[in-house]
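So the structure is just underneath, and the comments pick up after that.
The values are calculated or read from the model by the stated rules, or taken from the named source; none is laboratory data. Model, not experiment: these values are computed from the prediction. Every residue, glycine among them, receives a Cβ derived from its backbone with ideal geometry; neighbour counts consider all protein chains shown.
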Amino acid sequence: MESLLILSGLVACLCAWVWLAVASRRLSVGLFVVALIAPVLTLFMRGKGYSRPARALLLMGMVIALGGLALMSQQRPQQFEQLISGRWAEQPAESALSGMLMEQPFAPNDVRWQGKHLIFTEKVGERIRRSLVIKFDRAESLLQGTAIDLLPGDPGPWPEIVLQWYTGALEPPGLRRLDGAYSMSLSLAAQGTDQTRMTVHLHLPADYATRLTGTVLLQDQPQWLGKSATVAPIVEAAPEPEVFVPEWQEVSVLALLDEPRAYIGKTVRLSTTSGKVFSGLLKEVTAQKRVVLSLPQGANQVDFQFHPVDIQLLEMRRR
């Protein structure tokens, strides 16, 4: 709506400008030049012979455009900031994170490690609109190696997640906390000596309506990055083997991504690069090439997504 108002106002101003300039040709050279290069000034010049309908249309167009800008500043402050700063096209950022935070679109543009806290912030100028903070104070043992993977049912302690969002200057900010039962995958790779490329997959329970996925280039490197892990990987108990016949058959991840229909509905065993093993029903391969497994969680089934680069081994149960 606000974009339509701005566009309509600009079109009205342009038509009024042309109308005013054409109607001012019979006036003196000075008045004609004012109408041609500074039509707004004619609104304050009464009795000079300028066309009243043209000036009325110009004033109306300006009011409509300014009203659209005011509405955009309230409802879409990020786009408003881009518009008034002249950044009308999307900038090729090194951050490609996107998702939802409490049912609101979430596109953090400031991501950094601050001690044991991983901070995702969406800013407009210097104003914070939404933020998500992962606090590892109680789960410091996870800060080692190059990957962090958590799924509901994993033993604790878990990092605490803090969500904050701001709906307006006259309304109090929202705040929610969560200390477990979510799905998170972080993989980090050093880039040179002072940068880190981090891939994020975060899904909170449905009540929180929050998810975040994508890749971002951090301008620093966590001190713990690359340190040897001391926690033993979780290994699934091996089933009783069949006589002479292996129960699990290795499947190419590339083959799965190319022809997912041949594998949908099959029981598979997935091993991640962090050493965890999951068995479940292969539900789908999303349009973003994420492998979705349906795993038993008590009396229910829970869907988990895996990025192909995080899959070390994929096996299918023989029938």
- [ ] Need at least 3 residues that are of a type in the set (Phe, Trp, Tyr) and crowded, with 17+ Cβ neighbours inside 10 Å per element, so show me which strands (runs of 3 or more DSSP E) inside the range 175-222 make the cut, counting only ones lying wholly within it.
- [x] none
Task: the range 120-150, subset of a type in the set (Ser, Thr, Tyr) and part of a strand (DSSP E or B), residue surrounded by the fewest Cβ atoms within 10 Å (Cβ to Cβ) - done: 121
TODO: Report the residue count in the range 1-10 for those that are in a helix (DSSP H, G or I) and surrounded by fewer than 18 Cβ atoms within 10 Å (Cβ to Cβ).
DONE: 5
Open item on the list: Which numbered condition in (1) in contact (Cβ under 8 Å) with a residue 60 or more places away in the chain; (2) surrounded by 14 or more Cβ atoms within 10 Å (Cβ to Cβ) is the only one that residue 153 fails?
Closed with: (2)
- [ ] Considering only the range 244-276, state which residues are assigned to a loop (DSSP other than H, G, I, E, B) and more than 30 Å from residue 226 (Cα to Cα).
- [x] 244, 245, 246, 247, 259, 263, 264, 265, 266
TODO: Determine if the range 11-24 includes at least one residue that is assigned by TED's automatic domain parsing to the domain that holds residue 73, outside any helix (DSSP H, G or I) and modelled with pLDDT under 90.
DONE: yes
- [ ] Within the range 295-318, count every residue that is at pLDDT 85 or above and farther than 21 Å from residue 199 by Cβ.
- [x] 2
TODO: Hey, can you tell me all the residues within the range 142-175 that are under 21 Å from the mean Cα position of the chain (by Cα), modelled with pLDDT under 90 and of a type in the set (Val, Ile, Thr)?
DONE: 148, 167
